[in-house]
Each structure stands twice: as structure tokens, then as C-alpha cells.
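Asks: Before I ask anything, let me first share the structure, which is written out below as C-alpha cells.
The values are calculated or read from the model by the stated rules, or taken from the named source; none is laboratory data. Quick caveat, the model's predicted, so the values are computed rather than measured. As a convention, Cβ positions derive from the backbone with ideal geometry for all residues, glycine included, and neighbour counts pool all protein chains shown. With ligands, DNA and RNA removed, areas are computed over all heavy atoms of the protein, side chains included. Shrake-Rupley method; radii C 1.70, N 1.55, O 1.52, S 1.80 Å.
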Amino acid sequence: MTAAIAGLGMTEMGKIYGRTATQFAVEAISRAAEDAGLTLADIDGLYVNPGVKNDTDLRLQSTLQMRDTRLLATIQGFGSSAGQMVQYAAMAIDAGMAEVVACVYADAPLKEGKRAGAAYPGQARAMEGVGSLPFAAGLKAAPERYAVAARRHMERYGTTSEQLGAVAVAARQWAAMNPAAQMREPMTLEDHQSSRMIADPLRLLDCCLVSNGAVAVIVTSAERAATLRQPPVHVWGWGQGHPGYVNRRDSEFGLVTGAARSGADALKMAGVGVDEIDVRELYDCFTYTTLITLEDYGFCAKGEGGDFVASGAIAPGGSHPTNTGGGELSSFYMWGMTPLSEAVIQARGQGGERQVPQHDLVMVSGNGGVLDFHSTLVLSPHPKTR
Amino acid sequence: MSLAPVVRDDFSAPFFEASAEGRLLLRFSPSSGAWSEPSAMVCSVSQAADLEWREASGRGHLVSWTIKPGRPRDDQPAQDTVIGIVETEEGPWLTLLLPDADVAALAVGAAVEVRFVQPEGSEHLPVGRFVG
């Protein structure tokens, strides 16, 4: 395996109105190419991941005036897409299909004057047939669907709302040191506990942001990356885990996620143990997602995620720096590109005030659906030696 | 209560015919002997394609739940919505509105019975009520 991430491009993100996902994507890819010291003409592969609005796709190639592209697809693995794109790009480069692959996520769900909740589809879904019964019963949007998962974890392991709050507070402490973060004002556990209930047990401050914008990365061979402008971020290992929860007795929904398989596979490919990971960038659509991913990756024992996060381990100064840019909870919500972009920044040592001193191995997660789809990357500033 | 209306399609017609009579149908695979949720197209245990509708007991227990805070409307006080994941005696899980549920009674393993209600413009839909 010889792939490396050589470029990172991020647009302005958040309540940025009047621009389409495609326009954001063009800017992100252009910035990523420039960051790498390349031009758009150097890109011969393109993966496009549209977000919830699903309004950009592989036709971005023609928008970018790309010619004779050797690799081109729309990738849709929901929140696991960013990791998946890097994995497929690495394999394509290793196979000789392409040399420089741009991977982009872009979305513009926020509309001026509309609430963030209105950005998400579902209300217009046809209510026909027995597949509609959960929706008809009220399990519609992401918060209530994750809420039943979190509640199950709480009932089984004694996880508390205050422990979920510790995840939110840690994310905000990191965000305070990230100039690109949308939410930087201080937050206390009391703020979390007094924030309004969205879907019990999840409060407002358990939920991620919604953002307009785009993020792109450039993947190329380690050899070529070494000749480019930025320090290469080498891809040491990867995995995917899609549990295929069935709605019946013995389902592990809410208790174990695809992170368990995905993380183990990624660590095995990287040839490293979980104890060797220096920095964690985890998909945090909800505080509970961070907590259960930490458990499933093996940073703490199953069921002990609550005590682990409440100990301060993941906060600045803690033993296990996690979501060092503020994550989707406090920085910005670009699906799996939120953790991936911060992983690239940390691996390069470009985190400024929030830079983790020891950053030789960075583990990145992507999570989609309701814990249904998972991808993992293990990244390093060093060429793979094991 | 906030059940949204659901209409039948060809696949679900037997389910809703039974629900109008107060009977819960699930999917059953004669080859595996396993039950699957109503929307299953292949067996949730063996992936066999021989699923057929079969009447279930309509009893189960609570696995997990969420409470969605209500909003006050006109002169009506806010009423919270409780939605539960209920494991039927046969094994499949159902997502059920739990109308008028006592929040203090929410507990893993709490016995639940399936009843049916008919929202305006809808087939009869299953809901859960605590028993015992």
C-alpha cells in the first residue's frame, strides 16, 4: 500500500447561503489541488460524495472541465463515505488506474430563514406499506432514531446524560482553539444539562451542527506525495463494517456498531495496536456516537465509555485526545470529511494551538445511517514501515 | 397521539386486512421456522425467500424507547410522545407508538401488548400498551 493524502481543501462552512453544493465542491477541489501544489489538470480521478440534499454528483467532472478522466464515480456510503473514498482511491492508485484522485464531499442543506431541522428530508416520504410503520409511529429524523440506540446503551451499561455531556464539553473545548469552528464560546456541563430535550435522552447539545460547504482531499502515491508541497499523510490501514442490523431478538443495535469490525481490520492492516494510536478523529453526529465508537475501537472496554469520557480522557490535556477540531458537535458538519480533515491537519502537525504534540498515528472514523455503515482509516505522517 | 396515516400497497394488504380485525401478522419462514418483521422480504435468520404472513400473539416486551417533547397547541398543554422498540414474543422487533404511556413505567422488559388504532385517512396501525 503506497497511498498518501497530499492535499486538503476546505471552503467556508456553516450558514453560508446562496451557493450550491457543486459550487462549494469546485472551490474545495481547487483549494485541495493548490494545497498539494498541483493544478486541476493533474487530477485524473474523481470521487464525489453528495450529502443529504443529494444535489451534486459525478457530473462535477464536466463542471471542472476535466478531460480523459480515468476514474470517476459518485460514492454514497452516507457518513462512511469520506473514508470509503480514500480507500477506493488508494486501491485505484495501487492498481495503476489513476495517479491523482480528488475526493470531495459537498452539501448545502441550510436555507436562509429556515431552521436546521427543515433541511432534512423525510417529511415528504410516501407513507405506504408496512415499511412506513416506524416512521408513522414517530421515529422519523436522526435524533429520535439515535435516541433509542443511546437509551439502550444507557439501560444496559448505566451510561448517563452527564457522561454524554462530557463528550459535548470536550468537543467545545477543542473547538475553542479552532478558528474554523462554528461554535467556539465556552460550554459547561450545566449548559448541556439545561439545553432543551430534542428526543430523550438526547438534548440539543448532544446533537451535531448542520453546515453548508465542502471539503476535498487529494490522494496520490506516497512517492508522488513526497515531491509535493505539503507533508504527506500516509494511509496505513483501513476497514469497513456494516453490521446489517436485523430488527429482531439478539440484535446488537445500540450496543455494538460496525466500528468493532472496521476498526479491528484497519488496525490489523496498519500493523499497529489500538494503544499506539495518538489521536482519534471520530464521527460525532451525536455525543453517544463518539462514546460507542471509542468502545468499539477498543480505547476502553465495552460499557465503560461513559466513565472513560467523564474522566477527561478525550478533552484537551487528556490521555486520549479526540475530535481535536471540535468535531461535528462544535466545529462543522461535513459528514466523514469533518474527522478526516482534522486528521490530516493533526497528522501534518498544522493544528496550531490545538495541535496534539504526539501525532504519529491518527485513527479516523466515518459513520452513516443509524450506526448502519462504518469506515475507518489509520493515518500517519510517516511512510508505512510495518 | 401523533400517528401518521399509512396506506396499503399490494405487499402489505394482508397485514392491514388483519390489523383491521385486531390481529397482528408477522412474516414467517416455514423452512427456517423463524419469524421476521412485517417489512421483511427474506428471512431475517436464514435469508430464505419462503416468507408468508402468519398471525403472532401480539404480546412482547420493551427493548428501548425515546420520548419526544410535545409542544403546546392552542389551549392544549404539551403532550410528550413515547415511541418504543418492542420485541414480540416471536422475536421480531416493532417500532410502536406507546399512547398515554406512563413515563415512570418505561423499563427494559416491560410487558407490552399490541393494539390497533385507525388515524384519519389511514389503515389500522399497531400501537403498544403496557400490560400487567
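Asks: Rounded, prolate or oblate: which fits region B:59-123 when a ≥ b ≥ c are the square roots of the eigenvalues of the alpha-carbon gyration tensor, with rounded for a/c under 1.5 and prolate only if a/b beats b/c? Before the final figure, lay out each step's value.
Replies: Working: a/c = 2.75, a/b = 1.49, b/c = 1.85.
In terms of gyration-tensor shape, oblate.
Asks: Toward the positive end of the charge dipole of region B:69-132, about the Cα centre and with charges on Cβ (Lys, Arg +1; Asp, Glu -1), which of B:Pro119, B:Ala78, B:Val103 goes farthest?
Replies: B:Ala78
Asks: Something else: Would you tell me the accessible area of A:Met97, worked out with a 1.4 angstrom probe on the heavy atoms of the protein chains, in Å² to the nearest 10?
Replies: Only protein atoms counted, so the area is about 90 Å².
Asks: A:Asp55 accessible area, nearest 10 Å², 1.4 Å probe?
Replies: 80 Å²
Asks: While we're here: Mind putting a number on the dipole of chain A about its Cα centre? Charges go on the C-beta only, +1 for Lys and Arg and -1 for Asp and Glu, and I need it in Debye to the nearest 20. Could the numbers behind the result be given before it?
Replies: Working: 32 positive and 40 negative charges, 139 e Å.
With only Lys, Arg, Asp and Glu charged at Cβ, the dipole is about 660 debye.
Asks: Give me the 1.4 Å probe accessible area per residue for region A:202-316, excluding ligands and nucleic acids, in Å².
Replies: Details: 3700 Å² over 115 residues.
Here the residues of region A:202-316 average 32 Å² of exposed surface.
Asks: Using helices alone, I'd like the mean residue ellipticity at 222 nm for chain B: each DSSP H run of four-plus residues gives -39500 (n - 2.57), total over residue count, nearest 500. Can you show the working numbers first?
Replies: Numbers: 1 runs with 8 residues, N = 132.
That calculation yields -1500 deg cm²/dmol at 222 nm.
Asks: Looking at chain A, what % of its DSSP beta bridges pair antiparallel, to the nearest 5? Could the numbers behind the result be given before it?
Replies: Working: 35 of 50 bridges.
Of those bridges, close to 70 percent are antiparallel.
Asks: Mind jotting down a quarter of the surface of the convex hull over the alpha carbons of region A:1-117, in square nanometres, one decimal? Display every interim value, and only then the final one.
Replies: Values: hull surface 28.7 nm².
If you wrap the Cα atoms of region A:1-117 in a convex hull and average its projections, you get 7.2 nm².
Asks: Please say if region A:50-113 is rounded, prolate or oblate, where rounded means a/c under 1.5 for a ≥ b ≥ c the square roots of the C-alpha gyration tensor eigenvalues, and otherwise the choice is prolate for a/b larger than b/c and oblate otherwise? Please list the in-between numbers first.
Replies: Details: a/c = 3.28, a/b = 1.58, b/c = 2.07.
Oblate is the answer for region A:50-113, as a/c is 1.5 or above yet b/c matches or exceeds a/b.
Asks: Next up: List, by residue number, every residue in region A:238-262 with a reduction of 50 Å² or greater in accessible area between the chain on its own and the complete protein assembly, 1.4 Å probe.
Replies: Buried on complex formation: A:Asn247, A:Arg248, A:Arg249.
Asks: For the Cα atoms of chain A, what angle does the longest principal axis make with the long axis of helix A:259-270, in degrees from 0 to 90, nearest 10?
Replies: Helix A:259-270 sits at roughly 30 degrees to that axis.
Asks: Here is a follow-up. In square angstrom, what is the accessible area per residue of region B:13-130 with a 1.4 angstrom probe?
Replies: Numbers: 5520 Å² over 118 residues.
For region B:13-130, the solvent-accessible area averages 47 Å² per residue.
Asks: Under a Cβ-only charge scheme (Lys and Arg +1, Asp and Glu -1), can you give me the dipole magnitude of region B:13-130 about the Cα centre, in debye to the nearest 20? Show your work: numbers first, answer last.
Replies: Working: 9 positive and 17 negative charges, 43 e Å.
Roughly 200 debye, rounded to the nearest 20.
Asks: Find how many whole Å separate the alpha carbon centroid of region B:1-46 from the alpha carbon centroid of region A:308-382.
Replies: So the separation of the two Cα centres works out to 42 Å.
Asks: Rank these residues by their accessible area, most exposed first, probe 1.4 Å: A:Phe308, B:Phe16, B:Phe11. Mind showing how you got there, number by number?
Replies: Values: A:Phe308 30, B:Phe16 0, B:Phe11 70 Å².
Result, largest first: B:Phe11, A:Phe308, B:Phe16.
Asks: Report, ordered by chain and residue number, the lysines lying within cross-link reach of B:Lys68, taken as a straight Cα distance under 26 Å and ignoring same-chain residues fewer than 8 apart.
Replies: Cross-link targets: A:Lys53, A:Lys111, A:Lys114, A:Lys140.
Asks: Once Rh for region A:266-386 is found with the Kirkwood sum over Cα pairs, what is the Stokes-Einstein diffusion coefficient at 10 °C and 1.306 mPa s, in µm²/s?
Replies: Here the translational diffusion coefficient equals 111 µm²/s.
Asks: How much accessible surface does A:Asp307 have with a 1.4 Å probe, in Å² rounded to 10?
Replies: Using a 1.4 Å probe on the heavy atoms, I get roughly 110 Å².
Asks: Cut-off 10 angstrom, C-alpha nodes, Gaussian network model of chain A. Which of A:Ala222, A:Ala118, A:Ala264 fluctuates the most?
Replies: Fluctuation is largest for A:Ala118.
Asks: On a straight-distance basis, which lysines could pair with A:Lys268 in a cross-link, Cα separation under 25 angstrom, same-chain partners fewer than 8 positions away excluded?
Replies: Qualifying lysines at Cα under 25 Å: A:Lys302, A:Lys384.
Asks: Over chain B, calculate the relative contact order: mean separation of alpha carbon pairs under 8 Å at least 6 apart, over the residue count, as a percent. Present the calculation step by step, with values, prior to reporting the outcome.
Replies: Working: 278 pairs, mean separation 32.8, N = 132.
Here the relative contact order equals 25 percent.
Asks: Mean-square fluctuation check for chain A, GNM, Cα pairs under 10 Å: which of A:Thr160, A:Thr22, A:Thr338 is largest?
Replies: A:Thr160
Asks: What are the residues of region A:194-228 that lose 10 Å² or more of accessible area, with a 1.4 Å probe, going from their chain alone to all protein chains?
Replies: Buried-area filter returns A:Met197, A:Ile198, A:Ala199, A:Asp200.
Asks: Using a/c under 1.5 as the rounded threshold, could you call region A:248-330 rounded, prolate or oblate? The axes a ≥ b ≥ c are square roots of the C-alpha gyration tensor eigenvalues, and prolate needs a/b larger than b/c, oblate otherwise. Don't jump to the answer; show the numbers that get you there.
Replies: Working: a/c = 1.66, a/b = 1.18, b/c = 1.41.
Because a/c hits 1.5 or more and a/b fails to exceed b/c, region A:248-330 counts as oblate.
Asks: Which value, in debye to the nearest 20, gives the size of the charge dipole of region A:217-329 about its Cα centre, when Lys and Arg are +1 and Asp and Glu are -1 at the Cβ? Walk me through the intermediate numbers first.
Replies: On the way: 8 positive and 14 negative charges, 68 e Å.
Magnitude of the dipole: close to 320 debye.
Asks: Protein chains only, probe 1.4 Å: how do A:Lys114, A:Lys53, B:Lys68 rank by accessible area, largest first? Please list the in-between numbers first.
Replies: Numbers: A:Lys114 135, A:Lys53 85, B:Lys68 45 Å².
Descending accessible area places them as A:Lys114, A:Lys53, B:Lys68.
Asks: Next up: Quantify, in whole percent, the carbon and sulfur part of the accessible surface of chain A (1.4 Å probe; protein heavy atoms only).
Replies: Here carbon and sulfur together make up 50 percent of the probe-accessible area.
Asks: Nearest 100 Å² is fine: what is the total accessible surface buried where chains A and B meet, probe 1.4 Å?
Replies: Details: alone 15460 and 7790 Å², together 20430 Å².
Chains A and B together bury roughly 2800 Å² of accessible area.
Asks: Also, I was wondering about something else. When the accessible area of region B:13-130 is split by element with a 1.4 Å probe, what percent falls to carbon and sulfur?
Replies: Numbers: 2480 of 5520 Å².
Carbon and sulfur: 45 percent of the exposed surface of region B:13-130.
Asks: Ordering B:Arg8, A:Arg156, B:Arg73, A:Arg280 by how much accessible area each has at a 1.4 Å probe, largest first, what is the list? Don't jump to the answer; show the numbers that get you there.
Replies: Details: B:Arg8 85, A:Arg156 135, B:Arg73 170, A:Arg280 0 Å².
From most accessible down to least: B:Arg73, A:Arg156, B:Arg8, A:Arg280.
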